[in-house]
Amino acid sequence: MIYLYIAIAGFVGAALRYMTGELFFRQEAVFPFATLSVNIIGTFLLSWFTFRSLKLPDNAKKAIGTGLLGSFTTFSTLSVETVDLVDKGALTSAFLYISVTIIGGLAAAVLGFRIGERREDG
């Protein structure tokens, strides 16, 4: 049954990723801001969720963490978009994209953990 929960949550996460790109980044962009945004946001949310989900059932944790947030973020699109930038000769943009994704993702993860570990009572 857990596979069904993960699949449903994965469907929702992938749809949210697509809708984010459509809502905020409609025109053809020179730089892949949509993927960068969902990866940074998803990293923050997964880090925050890791601390805030301690009392949830394991099935819910797996569905949300692996299904929803795992499909919301995307490493494969990051890779393809980086190769595309390199093929187009936009080496500076490719380097910037990878650098901002890694540094921004790590910063978002730290921020998510810090906010998530705060106690609700203080």
Among Arg114, Arg118, Arg52, which is the only one that is of a type in the set (D, E, K, R) and touching a Gly at 6+ places or on another chain (Cβ under 9 Å)? Arg52
Being more than 29 Å from Met1 (Cα to Cα) and either touching a Ser or Thr at 6+ places or on another chain (Cβ under 9 Å) or of a type outside the set (D, E, K, R) (or both) is the requirement here; does Ile98 meet it? yes
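Laboratory data are not the source of any read-out in this text; all were calculated from the coordinates shown. The shown structure was predicted, so the numbers you read here are calculated from the model rather than taken from an experiment. Note: ideal-geometry Cβ built from the backbone for every residue, glycine included; neighbour counts use all protein chains shown.
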